[in-house]
Amino acid sequence: MNDINEIKSWIEHAEDDFSAARVLSKNKPPLLFSACFHAQQCAEKYMKALLIFKGKKFPMTHDLNVLDELTIEDAKQAIEIANKVPLFSRKFLTLK
């Protein structure tokens, strides 16, 4: 797979995860643990697509903090969105 096809594949999978997170969060009742999992996966896959685009190597990891270190300047917005997941979860779980 060449770089552009690999990038497209990561993005397609990220979009699937985003769609899954939306559907799961709108379920009655919301399936928040699964929605959060897919939201994290979405952010991870977009970050990996960005790293491939930038020609950077990355370890096999699901840790957004590790990926953030590699994409610090390019992925700040993705991390900000991922950091909102707990707030999103709390809203639907009515936690304090």
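Nothing in this text is a laboratory measurement; each read-out follows from the coordinates by a stated rule. None of these values were measured; they are calculated from a predicted model. Ideal geometry is used to build each Cβ from the backbone, glycine not excepted, and the neighbour counts take in all protein chains shown.
Would you mind computing, in nm to one decimal, how far apart the modelled labels at SER34 and SER9 are, each placed 7 Å from Cα along Cα→Cβ?
In this crude spin-label approximation the distance works out to 2.6 nm.
Please state the relative contact order of segment 3-93 as a whole percent: Cα pairs under 8 Å, 6+ residues apart?
The normalised contact order for segment 3-93 reaches 29 percent.
Could you name the lysines whose alpha carbon sits less than 26 Å from that of LYS54, not counting residues in the same chain fewer than 8 places away?
Within the straight-line limit of under 26 Å, LYS54 reaches these lysines: LYS8, LYS45, LYS76, LYS84.
Out of these labelled values of Kirkwood radius over Cα pairs in Å, [x] 13.4; [y] 16.8; [z] 13.9, which was calculated from the coordinates shown here?
Among [x] 13.4; [y] 16.8; [z] 13.9, the one derived from this structure is [z].
Take VAL66, VAL85 and order them by how many other Cβ atoms sit within 10 Å, fewest up front.
Ordered from fewest to most neighbouring Cβ atoms within 10 Å, VAL66, VAL85 come out as VAL66, VAL85.
Would you mind classifying segment 4-45 by shape? Square roots of the alpha carbon gyration tensor eigenvalues, ordered a ≥ b ≥ c; an a/c under 1.5 is rounded, otherwise it is prolate if a/b is larger than b/c and oblate if not.
Because a/c hits 1.5 or more and a/b exceeds b/c, segment 4-45 counts as prolate.
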